[in-house]
1. For Ala166 and Leu59, FRET efficiency with R0 = 45 Å and r from the beta-carbon atoms, rounded to 0.05?
2. Using the basic label-point model (7 angstrom from Cα toward the beta carbon), what is the Ala123 to His200 distance in nanometres?
3. What 222 nm value per residue comes from the helices of the chain, counting each DSSP H run with n ≥ 4 as -39,500 (n - 2.57) and dividing by all residues, nearest 500 deg cm²/dmol?
4. Return the distance in nm (one decimal) between the two label points of a simple spin-label model at Asp185 and Ser80, each offset 7 Å from Cα along Cα→Cβ.
5. Pull up all non-local amide H partners of Phe42: gap of 5 or more, or a different chain, and H-to-H distance under 5 Å with H placed in the peptide plane.
6. May I ask you to give the percent of accessible area on the chain that is carbon plus sulfur, with a probe radius of 1.4 Å?
7. With both partners inside the chain, how many of the DSSP beta bridges are antiparallel, as a percent to the nearest 5?
8. Which order, highest average first, do 87-99, 8-20 follow once you tally other Cβ atoms within 10 Å for each residue and take the mean per peptide?
Amino acid sequence: MSPSQINLTRGSVIVFEGLDKAGKSTQLELLRARVSTETTLFTHMPSGLTDFSRQLYALLETNCPESGLARQLTHLASHSENISKIIDAARTGSLVLDRWWWSTMAYGWYGGDVPNTGLSESAFRDLIDCIWAPVTASIVFLFLTPREADLNNVDGVADGYRTLAARHTGNVAYVPAHSPEETHDFILEALRDAGLATVHHQ
């Protein structure tokens, strides 16, 4: 029996955020398999939707700059390159983001060396807000339980995510450490409860 179709509410912005190796990619693929890609845009940030940002992200993965600030500014350049397409997708359909600006803060500020560069937190946030202010998340699924070790999950990152979640005025769903199938069910229930998805049984 094929899985039922999921329709995401027009204008919804659904964010998958959190630590590396915590199950985000698995859940994104499970959701993608049941959602119409004609009305829903899935994208990973900062690789994004353009050749420029994909090539830039590939460069970062193979030749990371020594400066943490340089890395985060490169991410923000990719974000800026894609933001108009992201805004259009949220206006005309629904949008599912694999990482939001929270990653920039969590890995760059709370768990990175950006604070050591002399740039203030408010100035760093201003840079981020210049790009992301037009995009408001309808719900943020926060993954904070890695299923295996990852060198990127340094001290401060998880607490940084919790700080951002506590400051967020919208809907944040902490994703429990269940099996992939149980986690998928949790996400669908959270989407339905928030009025962001309907399930059509086939």
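1. Using R0 = 45 Å, I get an efficiency of 0.85.
2. Distance between label points: 5.2 nm.
3. Counting only the DSSP helices, I get -13000 deg cm²/dmol.
4. 4.6 nm
5. It is Val96, by chain and number.
6. Accessible surface attributable to carbon and sulfur in the chain totals 50 percent.
7. 15 percent
8. Ranking, from highest mean packing down: 8-20, 87-99.
The values are calculated or read from the model by the stated rules, or taken from the named source; none is laboratory data. Just so you know, these numbers come straight off a predicted model, no measurement behind them. Backbone-built Cβ (ideal geometry, glycine too); neighbour counts: all protein chains shown. Only protein heavy atoms, including side chains, enter the accessible area calculation; ligands, DNA and RNA are left aside. Shrake-Rupley method; radii C 1.70, N 1.55, O 1.52, S 1.80 Å.
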